[in-house]
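Asks: Questions regarding the structure given below will be posed in turn.
The values are calculated or read from the model by the stated rules, or taken from the named source; none is laboratory data. Treat the numbers as computed from the prediction; the structure is a model and nothing was measured. FYI the Cβ positions are ideal-geometry reconstructions off the backbone, even for glycines, and counts take in every protein chain you see.
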């Protein structure tokens, strides 16, 4: 029997992406982020959460998707993601709703030309009036360029 996937719909630039809830520990309002000098532009800085200092990564910027986060974005959310021994704090402009999708409604992706994000997409979904791709945060957290941030 196929298992229903519950996902969080997030905005990145002009588009939407689905993030499986099973990859998230929490979704929080954007905390105070302390900038760190001489780091890539996608590393917004660090924050302190649950007894740990976390690097805060602009998800749109690291994926090379238009619409990188503005530090003053009031609706921004921090996605705390985990995959095995890895965890990450990913900043997104907005997280709008949770939805369920049956596996048979996940279509193969149509890769975007020359886009880094293609490596982290697992499928394409139409939900109501919206159409978007599903992101695999575990695959992203294990990518070489991401591990350099940890």
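Asks: Working only within segment 4-44, note down all residues that are crowded, with 17+ Cβ neighbours inside 10 Å and over 13 Å from the mean Cα position of the chain (by Cα).
Replies: Within segment 4-44, 5, 30, 33, 43, 44 meet the criteria.
Asks: Any idea which residue in segment 92-101 is surrounded by the fewest Cβ atoms within 10 Å (Cβ to Cβ), counting only those that are part of a strand (DSSP E or B) and in contact with a helix residue (DSSP H, G or I) (Cβ under 9 Å, 6 or more places away or on another chain)?
Replies: Among residues in segment 92-101 that are part of a strand (DSSP E or B) and in contact with a helix residue (DSSP H, G or I) (Cβ under 9 Å, 6 or more places away or on another chain), the one surrounded by the fewest Cβ atoms within 10 Å (Cβ to Cβ) is 98.
Asks: Let me ask you something else. Among the residues of segment 102-113, what is the count of those that are surrounded by 14 or more Cβ atoms within 10 Å (Cβ to Cβ), touching a strand residue (DSSP E or B) at 6+ places or on another chain (Cβ under 8 Å) and in a loop (DSSP other than H, G, I, E, B)?
Replies: Total satisfying the criteria: 2.
Asks: Can you tell me which residue within segment 45-59, out of those that are surrounded by 12 or more Cβ atoms within 10 Å (Cβ to Cβ) and at pLDDT below 90, is farthest from the chain's Cα centre (by Cα)?
Replies: Ranking the qualifying residues of segment 45-59, first place goes to 49.
Asks: So, one more: Does residue 89 qualify as being surrounded by 14 or more Cβ atoms within 10 Å (Cβ to Cβ) and over 17 Å from residue 136 (Cβ atoms)?
Replies: yes
Asks: What are the residues in segment 73-87 that are in contact with a strand residue (DSSP E or B) (Cβ under 7 Å, 6 or more places away or on another chain) and free of Cβ contacts under 8 Å to residues at least 24 places away in the same chain, if any?
Replies: 75, the sole residue that qualifies.
Asks: For residues that are at pLDDT below 85 and within 18 Å of residue 101 (Cβ to Cβ), tally how many sit in segment 122-150.
Replies: 4
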